[in-house]
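The values are calculated or read from the model by the stated rules, or taken from the named source; none is laboratory data. Because the structure is predicted, anything quoted here is derived from the model rather than measured. Reconstructed Cβ throughout: ideal geometry from the backbone, glycine too, with neighbour counts over all protein chains shown.
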Amino acid sequence: MSYKATVWALDQRSIKGTTKIVLWHLCDRYNPEHGCFPSQELLAYDCQVSRSGLNNHLLHLEKCGLVRRERRIDPITKRQMSTRYILGFEDGFTPALFAQISADDAPSAEKPCPDFAHGAVSRNPADPCPENSPSRVQNLDTNLVREPLREPVKEEEEGAAAHDADFDGFFVELLSALGFSANAPLPTWWQGWPARLHVRRWLDDLGLSKDRIIKTAKESRNDHPNPPDGPKALDRFMERAAQRDAQAAANTTTAGKAKRRRKSETKPPPSDDEVAAYYAAIVNSDEYLPRDLFSSRTCGLMLDRG
């Protein structure tokens, strides 16, 4: 992870949406000494997109001149390795060139040429070889399975806007609980959508409520009076709060089960007939009878039953 790289990604105003998320995760995987070469599987998992969608965003980043991809081949096994991503802020960066081939210059369909990745490697009149094709990624424009288009519902848009407004108010309250002044500039790690996305994970992944997050943020200032540099500094406090809540819920459930178990195991009190029969057996025996063995109620029960 590189602070310089992630700040550079946040400063790019020419892209937005998922494309910017892809660029930010590329910068998050950047190593100042070795570069950036995450696998597509890992990058797609980080960005929560499909691999075909990921390649579309990477192509857009290349066309914007922010990223250049370089294929890497293992010199020993000759197998393709993970792609090297050269970011725009690196020294010596040159954007990728997208050459336009006219119809006259394009290879003839009757005589496929393997040099231009339009024919078979064996030079036989067979299907084109996918090993030399420009891209092995699914072309979404040829996908015949499409979902029907649907006009956005006004109620859904209003609900989403209200939800975002509610979260914005909660985010401002969280910053205030952490000691940030209302008009003071925020640190870099608290700015933009990455910080808000990180805070949302406390709600979705850890299952904490907004009030619990605010309370935990205030408690964290007992150990660290100064405001944290970013939301990641609060992860440990939030995880501990979630663990304490889960443990408290488990203890409550266990105590309730034990109480119900004890209640079910409690035997009902003996009836009057059983009490009278028990003490009558003692009287008829040859055992010693203490002076305070019988109460007035016990005597009454035995006399009533002869």
- prompt: In the range 13-50, how many are of a type outside the set (D, E, K, R), surrounded by 12 or more Cβ atoms within 10 Å (Cβ to Cβ) and touching a Cys at 6+ places or on another chain (Cβ under 8 Å)?
  reply: 9
- prompt: Can you name every residue in the range 1-35 that is among the small types (Gly, Ala, Ser) and free of Cβ contacts under 8 Å to residues at least 60 places away in the same chain?
  reply: Ser2, Ala9, Ser14, Gly17, Gly35
query: Which condition number does Arg260 fail, the rest of (1) in contact (Cβ under 8 Å) with a residue 24 or more places away in the chain; (2) assigned by TED's automatic domain parsing to the domain that holds Ala177 being met?
result: (1)
- request: Search the range 56-77 for residues being part of a strand (DSSP E or B) and surrounded by fewer than 17 Cβ atoms within 10 Å (Cβ to Cβ), and hand back the single one that is nearest to the chain's Cα centre (by Cα).
  value: Arg69
field: Among (1) surrounded by 15 or more Cβ atoms within 10 Å (Cβ to Cβ); (2) outside any loop (DSSP other than H, G, I, E, B); (3) touching a residue at least 40 places away in the same chain (Cβ under 8 Å), the one test that Phe89 misses
entry: (2)
- prompt: In this structure, does Arg236 turn out to be among the basic types (Lys, Arg), farther than 20 Å from Gly207 by Cβ, surrounded by 10 or more Cβ atoms within 10 Å (Cβ to Cβ) and out of contact with any strand residue (DSSP E or B) (no Cβ under 9 Å at 6 or more places or on another chain)?
  reply: no
message: For the range 169-214: of the residues being hydroxyl-bearing (Ser, Thr, Tyr) and part of a loop (DSSP other than H, G, I, E, B), which is farthest from the chain's Cα centre (by Cα)?
response: Ser181
- prompt: Name the residues in the range 216-230 that are touching a Phe, Trp or Tyr at 6+ places or on another chain (Cβ under 7 Å) and within 21 Å of Trp193 (Cα to Cα), would you?
  reply: Pro227, Asp229, Gly230
